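Peer 1: Before anything else, here's the structure in question.
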Amino acid sequence: MTRVFNFSAGPAMLPQEVLQQAAAEMLDWQGSGMSVMEMSHRGKEFGAIFEAAERDLRDLLAVPANYRILFLQGGGIGENAIVPMNLVGRKAQPATVDFIHTGAWSGKSIKEAKKYCTVNVAASAEEDGKFRTIPPRETWKLSRDAAYVHVCTNETIDGVEFQFSPDVDADTGGAPLVADMSSHILSRQIDVSRYGVIFGGAQKNIGPAGLTLVIVREDLVGHALAICPSAFDWKVVAENNSMYNTPPTYSIYIAGLVFQWLKRQGGVAAIEQRNIAKAALLYDFLDSTGFYSNKVDKTCRSRMNVPFFLHDDRLNDAFLAGAKARGLLQLKGHKSVGGMRASIYNAMPPEGVQALVDYLKDFEKQHG
Ligand code: PMP
């Protein structure tokens, strides 16, 4: 068996230990005689798996007691509709929502939200169609009475990450901050209490696709518009302990194993240090040569998603073929940005980043 270093933006690498444990438990989960996939979501075995996953996530992110953790489906894109359907009802209609436009994913959120509210783009980093910065907090033109303020704290495609938790209270009179953390949740420490809602799809730092996490402050639950499907009404979901409809049980089980793995690594604080070191290794090399470049402002480069360019894009195909031959996969950049992209989530070991840097050096020697 050969395992590659998979730099995919998601679904992404999972820790090998987790996959091995899942394989060992595949046919018979802890003497139950069943695979987790075959269990009733209402049975006591799955109940134990579910409770442990929720408890571990709460510990890892130090989620305060007045926040609910919901295990949903629909992905980050689903949340682009589910969030407005749950939150705009707190204001007279049509409500205004403030957005900070920092890349492709906040752009998609803006487009979808227009079906449910009046969108105010309070700040945009767009320059010639590109996103390479986070607009400084002082420049945001927030509305007086917004239903909420939306940010995407790590733009997976553009490689731009917030290095601060914005404080929006001062200008908005308490509009909650909603953050799409799909591609960096659990990669760094955050103060959950700064946010009204945090959401993210699982398939990058958490587990398999199909599971979507929502962490929501209790007072923001219970305001869904009448048109909101019951399965996505946070009040219905919370009252039913994420079991109003059948939750993605296997994805929750794997996420639970990832949470346990993360605890064994020393938790989020320890993985954050490892992520800082991994990102520095790659960015420092990219910056040290004229052969490659990363164009994102140094103050807001993503630790998770590193887009980069070869100085001559006619070499791209040869670069990707050589990488594949060394077991370095999924390095092609998103089509809207071009070039290359290395996604280095929690489960990417430091050796994977080192192998990539070694390859970058060798390729430059051959073609520079
Ligand atoms: N938001 C962000 C920041 C993402 O990276 C992604 C997926 N790449 C999404 C939302 C959409 O997630 P999904 O495809 O699970 O709906």
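Peer 1: Roughly how many whole Å is it from the C-alpha centroid of region 327-368 to that of region 96-148?
Peer 2: Rounded to whole Å, the Cα centres lie 31 Å apart.
Peer 1: Then there is this: How many percent of all Cα-Cα pairs in region 74-215 sit more than 25 Å apart? Numbers along the way, then the final one.
Peer 2: Details: 1946 of 10011 pairs.
In whole percent, the share of Cα-Cα pairs in region 74-215 beyond 25 Å is 19.
Peer 1: Let me ask something else. Over region 14-77, one equal point on each Cα, no solvent: what is log10 I(q)/I(0) by the Debye formula at q = 0.15, 0.21 Å⁻¹?
Peer 2: -0.65, -1.07
Peer 1: While we're looking at this one, here's another question. Could you tell me the distance between the Cα centroids of region 264-317 and region 14-56, to the nearest Å?
Peer 2: Between the Cα centre of region 264-317 and that of region 14-56, the gap is 35 Å.
Peer 1: May I ask for the net charge around Val83, where only other residues with Cβ less than 15 Å from the Cβ of Val83 are counted and Lys, Arg are +1 while Asp, Glu are -1? Numbers along the way, then the final one.
Peer 2: Numbers: positive: Arg68, Arg90, Lys91, Lys108, Lys111, Lys114, Lys115, Arg217, Lys235; negative: Glu79, Asp98, Glu112, Asp180, Asp233.
Local charge sum for Val83: +4.
Peer 1: Find out how many positive minus negative residues lie around Leu310, taking Lys and Arg as positive, Asp and Glu as negative, among other residues whose Cβ is under 11 Å from that of Leu310. Intermediate results must be reported in sequence, preceding the final value.
Peer 2: Numbers: positive: Arg314; negative: Asp312, Asp313, Asp317, Glu364.
Combined, the nearby Lys, Arg, Asp and Glu give -3.
Peer 1: What pairs from Lys115/Lys298; Lys44/Lys263; Lys263/Lys298; Lys298/Lys324 go past 26 Å between their alpha carbons? Walk me through the numbers before you get to the answer.
Peer 2: Details: Lys115/Lys298 35 Å; Lys44/Lys263 24 Å; Lys263/Lys298 30 Å; Lys298/Lys324 29 Å.
With Cα atoms farther than 26 Å apart: Lys115/Lys298; Lys263/Lys298; Lys298/Lys324.
Peer 1: Here's something else I'd like to know. Obtain the radius of gyration and the Kirkwood radius of region 286-342 from its C-alpha atoms and give Rg over Rh.
Peer 2: Numbers: Rg = 11.4 Å, Rh = 11.9 Å.
Here the Rg-to-Rh quotient is 0.96.
Peer 1: Based on DSSP, what percent of beta bridges with both residues in region 159-253 are antiparallel, to the nearest 5?
Peer 2: Values: 5 of 8 bridges.
Within region 159-253, antiparallel bridges account for around 60 percent of the total.
Peer 1: What is the antiparallel percent of DSSP beta bridges lying wholly in region 69-160, to the nearest 5? Could the numbers behind the result be given before it?
Peer 2: Values: 3 of 11 bridges.
Taking every DSSP beta bridge with both residues in region 69-160, the antiparallel ones total about 25 percent.
Peer 1: Please list 143-149, 111-117, 35-41 highest first by mean number of surrounding beta-carbon atoms within 10 Å per residue. Before the final figure, lay out each step's value.
Peer 2: Details: 143-149: 20.9, 111-117: 16.9, 35-41: 15.0.
The densest-packed peptide leads the list: 143-149, 111-117, 35-41.
Peer 1: What's the local net charge at Glu17, with K and R +1, D and E -1, over the other residues with C-beta under 14 Å away? Before the final figure, lay out each step's value.
Peer 2: Numbers: positive: Arg3, Lys263, Arg264; negative: Glu25.
Neighbourhood net charge equals +2.
Peer 1: A further question on this structure: Peptides 340-348, 290-298: what's the order by average Cβ count within 10 Å, highest mean first? It would help to have the intermediate numbers written out before the result.
Peer 2: Details: 340-348: 24.8, 290-298: 15.2.
Ranked by mean Cβ neighbours within 10 Å, highest first: 340-348, 290-298.
Peer 1: While we're here: Do me a favour and compute the ellipsoid semi-axes for region 240-368 from its Cα gyration tensor, root of five times each eigenvalue, largest one first, whole Å.
Peer 2: Values: eigenvalues 213, 59, 41 Å².
So the equivalent ellipsoid measures 33, 17, 14 Å along its semi-axes.
Peer 1: Provide the percentage of antiparallel DSSP beta bridges, counting only those with both residues in the chain; round to the nearest 5. Present the calculation step by step, with values, prior to reporting the outcome.
Peer 2: On the way: 23 of 40 bridges.
The antiparallel fraction comes to roughly 60 percent.
Peer 1: Which of the listed residues, Ile100, Val258, Asn86, is farthest toward the dipole's positive end in the chain, when Lys, Arg count +1 and Asp, Glu count -1 at the beta-carbon?
Peer 2: Among Ile100, Val258, Asn86, the one farthest towards the positive end of the dipole of the chain is Ile100.
Peer 1: Give Lys141/Lys335; Lys114/Lys204; Lys332/Lys365 a once-over and call out the pairs whose C-alpha atoms are over 23 Å from each other.
Peer 2: Correct reply: Lys141/Lys335; Lys114/Lys204.
Peer 1: Please sort 307-314, 175-182, 213-220, 354-361 by packing, taking for each peptide the average over its residues of neighbouring beta carbons within 10 angstrom, highest first.
Peer 2: Numbers: 307-314: 15.8, 175-182: 25.2, 213-220: 19.6, 354-361: 17.8.
Going from most to least packed, we get 175-182, 213-220, 354-361, 307-314.
Peer 1: Return the tail of the calculated pair distribution for the chain, meaning the percent of Cα-Cα pairs more than 33 Å apart.
Peer 2: Summing the P(r) of the chain above 33 Å gives 31 percent of all pairs.
Peer 1: Mind putting a number on the dipole of the chain about its Cα centre? Charges go on the C-beta only, +1 for Lys and Arg and -1 for Asp and Glu, and I need it in Debye to the nearest 20. It would help to have the intermediate numbers written out before the result.
Peer 2: Working: 38 positive and 40 negative charges, 67 e Å.
Rounded to the nearest 20 debye, it is 320 debye.
Peer 1: Turning to a different aspect of this structure: For Ser32 paired with Asp219, estimate the spin-label separation in nm (one decimal), with each label point 7 Å from Cα along the Cα-to-Cβ line.
Peer 2: 3.9
Peer 1: Ok, one more. Could you work out the pair-distance distribution P(r) of region 56-119 from its alpha-carbon pairs, with 5 angstrom bin width and percents rounded to whole numbers?
Peer 2: Going from the shortest bin to the longest, the percentages are 4, 15, 21, 18, 18, 16, 6, 1.
Read-outs throughout are calculated quantities, based only on the coordinates presented, and are distinct from any laboratory measurement. What you are looking at is a predicted structure, and each value in this text was computed from that prediction instead of being measured. Cβ atoms come from the backbone with ideal geometry, glycine included; neighbour counts cover every protein chain shown.
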